[in-house]
Amino acid sequence: MKDKFYITTPIYYPSNKLTLGNSYTTIVCDAIARFNKKLGKDVFYLTGTDEHGQKITQSAAKVGKSEKEYLDEIVADTKALWKLLDIEYDKFIRTTDDYHEKAVQKIFTQLYEKGYIYKGSYKGWYCTPCESFWTESQLADGKCPDCGREVKFQEEEAYFFKLSEFGDKLIDLYKSNPEFLQPISRVNEMVNNFIKPGLNDLCVSRTSVKWGVPVEFDTDHTIYVWIDALSNYITALGFLSEDESNYKKFWPADVHVIGKEIVRFHSIIWPAILMALDLPLPKRIFAHGWILFGGDKLSKSKDAGVKECTDPRVLVPMYSADAVRYFLYREIPFGSDGNYSTEAFLTRINADLSNNFGNLVSRTFSMVKKYFASEITDAAAANADDEEFKTSVLNEVKTVLKLMEELDITRAITSIMNIFTYANTYIQKVQPWVVAKEEGGEARLKTIMRYLLESIRIGSQLIYAFMPESSAKVLNAFGIEPTSEFANIDNFDGLETGKTLAELGILFPRLDVAAESEKLFKIANE
Ligand code: MSP
């Protein structure tokens, strides 16, 4: 039986202004999901939208729509964006989906019946945009510590989840399972900032919010934010529905990928809820950093100065989804913050995709066409240089596989690009055009071409998860089904001798950085 692999993004707050920054988690998960499919696993990739709360009612009212109408439009827009970015998810959950709401009610009731939820009254500082209550000491200069906006003091009857009982269990969990929360620095942050000072019980219902899931046994109360939102990871699999087969097959999650600002919810509240329900815990939570635009999480507003173009709806049609995806994987060290700038983006496309990957493929294909009428040759006359090249490529394959297991996608993609760099360097070193003129050089020339093609085949297989469109073009030219599981990636015997390569156009046209950059700034600042 195939190994299973269950990966999730957080469910997104509905927004029709998703930028490159917001798209990051989904783009990253897509590469991990596709890579695991290529490894032959049975993958389930979940994403979706987090659709309840006061803010939705407010935003819908502002544009004169019902909540549902407002949300349907945004969800359609979000799905279109994921399609544009070549995101291949297996399920899109909406927290307004009927099966989800029903299961959340049952989860809440179970927690109540098990004694983990009780009724009390809540007093605290509330930030409406973040839908978060804060204690006095958590406020930053009297404002919301997350978004910096005004907070107001509120008191109301509410249900509470006994989070305070889980401190020691969570510390044991992190200690006994160092993989649970990564990068490891996040563990210290959770322990020192939240668990050691003592966890407070968590307010899990509101009477003032109507747009949400009602508590089954006390319908004046609406289930508040985190039990509703976090449960999506199991309700999407059919947990507590008529058909729990996906739940049985895929839970526990292999990895929840999240942004660093929601680590507390995923590594403290979520495991506590699961422990209270007596359910298995996710195997791994990986927190990535933020994409910063001029040092800020959000794209600069117009009046703050020159604005970068960060809209994937503009960038993808101009430069391809592959180019946008590549930049994010390669430039933002996975797990840390990284910067986006128009110049860095355009320069990377030129340097890595056009000059390295694209150029290698095009010069190799034209040499094979020129010398052997596009026929794949055998490798009967390998010398030490050829063997050295082969060894460095195959070593790099091992590195890529290891790094992907560790979810170090930035170093993994760098490693894949190394394969193309080695191949370009090999061409310079062995100078096939000189070998072609040598008396009796044909056997060696055949070998060189074969080795180059094998390295391109392997590199294109490995890069498929990151850049499916360009990878597919190359693999198709070899007659390989792009979505097929990895085969012969640890050897140079993956191509059929005598087979003809199909024609391949230019993968990444070289860009005029100054001209393109001017175009993009103009679009963004119009
Ligand atoms: N709804 C909650 C999650 C609930 S999960 C049970 C939420 N939604 S969100 O829309 O604000 O964020 C969705 C994802 O986008 C998060 O992983 C977040 O970190 C990511 N990003 C939003 N802006 C970002 C950047 N500028 N850079 C990188 N990722 C960022 O949180």
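Here each label is just a point 7 Å from Cα along the line to Cβ, and for S341 and E405 those points are 3.8 nm apart. Would you give the gap between the C-alpha center of region 166-219 and the C-alpha center of region 377-440, rounded to a whole Å? Region 166-219 and region 377-440 have Cα centres separated by 47 Å. Computed over the alpha-carbon pairs of region 330-380, the distance histogram in 5 Å steps reads 5, 17, 16, 15, 12, 9, 8, 8, 7, 2 percent, short to long.
Scanning residues 5 or more positions from Y126 or on other chains, those with amide H under 5 Å from its amide H are W134, K152, F153, Q154, with H placed 1.01 Å from N in the peptide plane. Note on K152 and E113: their simple-model spin labels are 3.8 nm apart, each label 7 Å out from Cα toward Cβ.
Computed from the C-beta positions of N395 and T128, the FRET efficiency with R₀ = 56 Å rounds to 0.55.
Skip the ligands, DNA and RNA, and give the accessible area per residue of region 21-116 with a 1.4 Å probe, whole Å². Solvent-accessible surface per residue comes out at 38 Å². A simple spin-label model places pseudo-atoms 7 Å from Cα toward Cβ; at A515 and Q431 they are separated by 3.4 nm.
From the P(r) of region 58-119, could you give the percentage of C-alpha pairs in the tail past 16 Å? When every Cα pair of region 58-119 is considered, 64 percent fall beyond 16 Å.
For L292, the residues whose modelled amide H falls within less than 5 Å of its own, excluding neighbours fewer than 5 places apart on the same chain, are G338, N339, Y340.
Between the alpha-carbon centres of region 494-526 and region 230-264 there is a gap of 38 Å.
Under the Kirkwood approximation for Rh and a Cα-based Rg, what ratio Rg/Rh is obtained for region 198-239?
1.03
Summing charges over all other residues whose Cβ lies under 10 Å from the Cβ of Y464, with Lys and Arg as +1 and Asp and Glu as -1, gives +2. What the phi angles of region 277-289 give under the Karplus curve with 6.51, -1.76 and 1.60, with θ = phi - 60°, is a coupling list of 7, 6, 10, x, 8, x, 6, 8, 10, 10, 9, 8, x Hz, glycine and proline written as x.
Let a ≥ b ≥ c be the square roots of the eigenvalues of the Cα gyration tensor of region 381-526; is it rounded (a/c under 1.5), or, if not, prolate (a/b larger than b/c) or oblate? Because a/c hits 1.5 or more and a/b exceeds b/c, region 381-526 counts as prolate. For region 325-458, the share of alpha carbon pairs falling in successive 10 Å distance bins from zero is 12, 38, 29, 16, 5, 0 percent.
Quantify, in whole percent, the carbon and sulfur part of the accessible surface of the chain (1.4 Å probe; protein heavy atoms only).
So the carbon and sulfur contribution to the accessible surface is 49 percent.
Near L495, once Lys and Arg are set to +1 and Asp and Glu to -1 for all other residues with Cβ below 13 Å from its Cβ, the sum equals -1.
Restricting to DSSP loop positions (anything but H, G, I, E, B) with no more than 15 other Cβ atoms inside 10 Å of their own Cβ, which GluC sites (Glu not before Pro) remain in region 336-434? When the GluC sites (Glu not before Pro) of region 336-434 are filtered for loop state and at most 15 Cβ neighbours within 10 Å, E406 remain. Between amide H atoms placed 1.01 Å from N, distances below 5 Å from K4 occur with D42, all of them 5 or more places distant or on a separate chain. Helical runs assigned H by DSSP (4 residues or longer) give the chain a calculated mean residue ellipticity at 222 nm of -14000 deg cm²/dmol, each run adding -39500 (n - 2.57) before division by the residue total.
Packing, as the average of other Cβ atoms within 10 Å across residues, places the peptides 147-153, 460-466, 101-107 in the order 460-466, 101-107, 147-153, highest first. Computed from phi, the 3J(HN,Hα) profile of region 466-480 under the Karplus parametrisation 6.51, -1.76, 1.60 (θ = phi - 60°) reads 8, 10, x, 5, 6, 4, 4, 4, 5, 4, 4, 4, 8, x, 9 Hz, with x in place of Gly and Pro. For region 345-446, the set of chymotrypsin sites (Phe, Trp or Tyr not before Pro) satisfying both a DSSP loop assignment and a count of at most 12 other C-beta atoms within 10 Å is empty. Taken over the chain, the percentage of Cα pairs per 20 Å bin, counting from 0 up to the bin with the maximum distance, is 20, 48, 25, 6, 0.
Calculated on the alpha-carbon coordinates, the convex hull of region 301-397 measures out at 152 cubic angstrom per residue. Length gained on full extension, A140 to S208: 22.0 nm, using 0.36 nm per residue less the C-alpha separation. Evaluating 6.51 cos²θ - 1.76 cosθ + 1.60 at θ = phi - 60° for every residue in region 232-237, the Karplus couplings come out as 4, 5, 9, 5, 4, 8 Hz, glycine and proline recorded as x. Counting Lys +1, Arg +1, Asp -1, Glu -1, what net charge surrounds E157 among other residues with beta carbon under 13 Å of its beta carbon? With Lys, Arg at +1 and Asp, Glu at -1, the net is -1.
The values are calculated or read from the model by the stated rules, or taken from the named source; none is laboratory data. These numbers come from a predicted model, not from an experiment. Virtual Cβ from ideal backbone geometry, glycine too; neighbours counted across all protein chains shown. All accessible areas refer to the heavy atoms of the entire protein, side chains included, with ligands and DNA or RNA removed. Shrake-Rupley method; radii C 1.70, N 1.55, O 1.52, S 1.80 Å.
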